[in-house]
Amino acid sequence: MVERTRQLMQANEELRREIGERERAERKLRGVQEELVETAHRAGMAEIATGVLHNVGNVLTSVNVSSNLAMEKIRKLGVQDMVKVAQLLEQHQDDLGRFITEDRRGRHLAPFLIDLSRYMVQQEEEIIAELKSLQKNIDHIKEIIAVQQSNARITGFVQEVNLSQVIDDAIQINAASMERHRIVIVREYEDLPLVLVEKQKLMQILINLLSNAKHALRDCENPDKKIVVRLKRLGTDRVQIEVQDNGMGIEERNLTRIFAHGFTTKKDGHGFGLHGAALHAKEMGGALVARSDGPGQGAVFTLEFPFRAVEKLKRGEAEQRRSSRSESSQTPALA
Ligand SMILES: Nc1ncnc2c1ncn2[C@@H]1O[C@H](COP(=O)(O)OP(=O)(O)OP(=O)(O)O)[C@@H](O)[C@H]1O
Ligand SMILES: [Mg+2]
């Protein structure tokens with residue numbers, strides 16, 4: 001009996017020790033799990049942050065070009081010439097009539113002023129156009145950040161847009177460097193109604209595709225560099241946008257790898273663009289795929305996503321209002 005009790009107590013003690021060990025192991029496991037979740041969270045944040053910086057960086061290149069051009073034009077505006085003219089007039093204010101008609105330098109003044117004013121008007125128009133494009137790009141950066149901030153809380157910031165206008169805006173952001181590389185852009189847009197889509201996501205996708213196409217053309221020998229952008233309607237509620245270039249092309253084995261975060265073949269690349277673009281496409285309920293017949297054969301990126309037509313939506317709302325009005329007008333009769 002004593003022996004049996006001793007055995008039981010020993011078994012009990014072993015059980016207690018085992019439970020204790022298991023609890024310690026569980027606590028440790030929980031700790032590791034929490035650490036993993038935290039790391040994954042931080043990695044996700046880092047991915048979002050690099051994505052945002054990358055997209056802002058794309059637009060900043062264009063901001064830089066516009067502000068340099070505007071500065072250059074202001075420098076050449078002719079303000080100094082105007083100052084010299086004013087000084088001459090001031091020096092001869094007592095005999096202005098004689099100076100303008102008889103003096104060698106004075107006689108050149110009137111035609112010079114006419115030329116200068118024409119030149120200034122033209123320069124002014126160009127500076128305003130450049131500053132407008134700068135303003136548009138700054139607004140775009142603001143939107144990228146605002147969307148990112150709102151995305152942290154709600155996903156899907158839907159706006160009413162004209163799709164061909166959104167494509168043109170994305171082209172505009174890359175326009176200066178396209179021109180520098182002598183790349184011709186061909187637009188093939190089908191007519192589409194105003195639609196409701198996540199405009200900023202679409203812009204990001206297009207800017208990245210166009211910038212990649214530009215790089216593919218920059219790094220190839222083709223003298224006839226061309227990007228074709230197509231906008232097509234698919235059925236009633238889907239749309240397809242294609243960005244095709246006749247640049248360096250993509251090896252078959254890379255056609256899916258190019259979408260992986262960090263995959264790049266460029267010296268100065270990060271491999272963020274297509275990964276972010278594919279994610280955005282998915283968030284919009286669509287998809288992004290790449291096609292290429294191989295190196296030197298160019299590439300086509302096809303983006304497809306669903307849309308809601310504004311007109312249809314408004315008609316639906318009006319019908320709903322009409323039916324609820326007729327229901328309420330029937331109520332007294334029924335009562
Ligand atoms: N139009 C294209 N033609 C040929 N190769 C392309 C094209 N678009 C993308 N690629 C390939 O896919 C890779 C990944 O593109 P992605 O946009 O993700 O990154 P990246 O352009 O290299 O760098 P970044 O992060 O600056 O965009 C590129 O390095 C390139 O090899
Ligand atoms: Mg890229």
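Please compute the net charge surrounding residue 125, taking Lys and Arg as +1 and Asp and Glu as -1 over other residues with Cβ under 13 Å from its Cβ. Walk me through the numbers before you get to the answer.
On the way: positive: 73, 118, 132; negative: 124, 126, 130.
It works out to a net charge of 0.
What percent antiparallel are the DSSP beta bridges of the stretch 175-267, to the nearest 5?
Among the beta bridges of the stretch 175-267, antiparallel pairing accounts for roughly 55 percent.
Could you give each residue of the stretch 209-218 its phi-based ³J(HN,Hα) in whole Hz, using Karplus coefficients 6.51, -1.76, 1.60 with θ = phi - 60°, and x for Gly or Pro?
Whole-Hz 3J(HN,Hα) from phi for the stretch 209-218: 5, 5, 5, 5, 4, 4, 5, 5, 7, 4.
Give me the percent relative contact order of the stretch 159-315, please, defined on Cα pairs under 8 angstrom at least 6 residues apart.
Answer for the stretch 159-315 is 26 percent.
Bin all alpha-carbon pair distances of the stretch 127-248 at 5 Å intervals from 0 and give each bin's fraction as a whole percent.
Final binned percentages: 2, 10, 19, 20, 18, 16, 10, 4, 1, 0.
Cα gyration tensor of the stretch 159-315, axes a ≥ b ≥ c as square roots of the eigenvalues: rounded (a/c below 1.5), prolate (a/b > b/c) or oblate? Intermediate values should be presented prior to the final figure.
Working: a/c = 2.00, a/b = 1.56, b/c = 1.28.
Judged from the Cα gyration tensor, the stretch 159-315 comes out prolate (a/c at least 1.5, a/b above b/c).
Given axes a ≥ b ≥ c from the Cα gyration tensor, I'd like to know whether the stretch 238-294 is rounded (a/c under 1.5), prolate (a/b larger than b/c) or oblate. Before the final figure, lay out each step's value.
Numbers: a/c = 2.00, a/b = 1.25, b/c = 1.60.
Oblate, because a/c is 1.5 or more while a/b does not exceed b/c.
Using amide H atoms built in the peptide plane, which far-off residues or other-chain residues are under 5 Å from residue 189 H to H?
So residue 189 has HN proximity to 231.
Could you work out what % of the accessible surface of the stretch 159-315 is carbon and sulfur, using a 1.4 angstrom probe and leaving DNA, RNA and ligands out of the count?
Percent of accessible area from carbon and sulfur atoms in the stretch 159-315: 48.
For the ranges 191-200, 87-96, what's the packing order if you count other beta-carbon atoms within 10 Å of each residue, average per peptide, and put the highest first? Show your work: numbers first, answer last.
Numbers: 191-200: 17.4, 87-96: 11.8.
So the peptides 191-200, 87-96, ranked by packing, come out 191-200, 87-96.
The values are calculated or read from the model by the stated rules, or taken from the named source; none is laboratory data. All values reported here derive from a predicted model rather than from experimental measurement. As a convention, Cβ positions derive from the backbone with ideal geometry for all residues, glycine included, and neighbour counts pool all protein chains shown. Each accessible area value is taken on the protein alone, full model and side chains, heavy atoms only, with ligands, DNA and RNA left out. Shrake-Rupley method; radii C 1.70, N 1.55, O 1.52, S 1.80 Å.
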